[in-house]
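Data block below; observations after.
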Amino acid sequence: MLDIITYPNPILRKKNKLVTDPTSPEIKQLVSNMLETLRSQDGLGLAAPQIGKNLCLCIVEVDNEVFVLINPEIKKLYGDFVTMEEGCFSFPGKFLPITRPRNIKLMAIDEAGRKYTMHAKGLLARAIQHEIDHLNGILLVDRVGQQPTIIK
Ligand code: ZN
C-alpha cells in the first residue's frame with residue numbers, strides 16, 4: 001500500500017513524463033502497487049502523481065473492470081454534459097460538483113505494452129477524465145464551476 005499525496009503538495013502540479021518502457025518490471029510493480037492501494041480505499045481510480053510518481057500512468061476500476069492507461073491521449077470528449085459530485089483521494093472527505101461530457105474516446109497503452117483505443121461513457125468516462133486530469137496537473141478544485149472541455 002502506497003501513501004497518497006494530498007493537496008496542496010506541489011507534486012500534484014508537476015509535469016508528468018511519458019512512460020518510455022511500459023512493460024518494464026518497475027512499471028509492472030507500480031501498477032500492481034497502485035491497484036492494491038486503490039482497492040484498499042473506496043474510489044474509482046488513481047493516478048501516478050498521487051503516489052509521488054510524476055509519470056503519465058493511471059488506473060481506473062469501474063464495475064470490477066480494471067483499465068490500465070499508460071500515456072493516455074484523449075481523442076474525443078463529447079455528448080451531453082453531466083454534473084455529479086466527485087471525490088478524489090488527494091482531497092480527503094471532499095466532494096464537489098463537476099460537469100463533464102458523458103462520452104470519451106481515447107488511446108492508451110496497457111500493461112502488456114499494447115496500444116489500444118477505448119470508448120467509454122457515464123461513470124467510467126468520468127473516472128477516466130478525472131484521472132487524465134491528474135496527468136495534466138488539473139485537480140478537482142480547478143474544475144468546479146468550469147465549462148467542460150469538448151474535443152471533437
Ligand atoms: Zn483524483
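With a cut-off of at least 2 residues that are out of contact with any helix residue (DSSP H, G or I) (no Cβ under 7 Å at 6 or more places or on another chain) and loosely packed, with under 12 Cβ neighbours inside 10 Å, name the strands (runs of 3 or more DSSP E) lying wholly within segment 1-118. Reasoning before the result, please.
Details: elements: 45-47, 57-62, 65-86, 96-109.
It comes to 65-86.
Which numbered condition trips up Leu124, out of (1) part of a helix (DSSP H, G or I); (2) aliphatic (A, V, I, L, M); (3) under 18 Å from Gln50 (Cβ atoms)?
So Leu124 meets the others, but not (3).
For segment 132-145, give me the residue count where each residue is exposed (fewer than 15 other Cβ atoms within 10 Å of the Cβ) and acidic (Asp, Glu).
Residues in segment 132-145 being exposed (fewer than 15 other Cβ atoms within 10 Å of the Cβ) and acidic (Asp, Glu): 1 in total.
If Gln129 passes every condition in (1) under 29 Å from Pro10 (Cβ atoms); (2) surrounded by fewer than 16 Cβ atoms within 10 Å (Cβ to Cβ) but one, which one does it miss?
The number of the failed condition is (2).
When the residues of segment 106-126 are filtered to those that are closer than 20 Å to Glu61 by Cβ and among the charged types (D, E, K, R), which remaining residue is farthest from the ligand (Cβ to nearest atom)?
Among them, the one singled out is Arg114.
Across segment 127-142, which residue is farthest from Leu57 (Cα to Cα) among those that are of a type in the set (Val, Ile, Thr) and not in a loop (DSSP other than H, G, I, E, B)? Give the steps one after another, and end with the answer.
The first filter runs over segment 127-142 and keeps only residues of a type in the set (Val, Ile, Thr), leaving 128, 132, 138, 141.
Pick out the ones that are also not in a loop (DSSP other than H, G, I, E, B) and you get 128, 132, 141.
Details: Ile128: 11, Ile132: 8, Val141: 21 Å.
Here the residue is Val141.
Being away from the ligand (no atom under 12 Å from the Cβ) and farther than 21 Å from Asn71 by Cα is the filter here, so list the residues in segment 127-152 that pass it.
Across segment 127-152, the qualifying residues are Val144, Gly145, Gln146, Gln147, Pro148.
Examine segment 125-140 for a residue that is more than 30 Å from Glu26 (Cβ to Cβ) and not small (Gly, Ala, Ser), and state whether such a residue exists. First the steps, then the outcome.
Residues of segment 125-140 more than 30 Å from Glu26 (Cβ to Cβ): none.
No, that holds for no residue.
Does Val19 satisfy the criteria of being away from the ligand (no atom under 15 Å from the Cβ) and in contact (Cβ under 8 Å) with a residue 60 or more places away in the chain? It would help to see each step written out before you state the result.
Values: away from the ligand (no atom under 15 Å from the Cβ): yes; in contact (Cβ under 8 Å) with a residue 60 or more places away in the chain: yes.
Taking the combined requirement at face value, the residue satisfies it.
Considering only residues of segment 51-91 that are within 13 Å of the ligand (Cβ to nearest atom), more than 16 Å from Gly122 (Cβ to Cβ) and β-branched (Val, Ile, Thr), which is nearest to the chain's Cα centre (by Cα)?
Within segment 51-91, the match that is nearest to the chain's Cα centre (by Cα) is Ile59.
The numbers here are math on the coordinates, done by the rules we state, and not lab data. Everything numeric here is computed off the predicted structure, so don't read it as measured data. Virtual Cβ from ideal backbone geometry, glycine too; neighbours counted across all protein chains shown.
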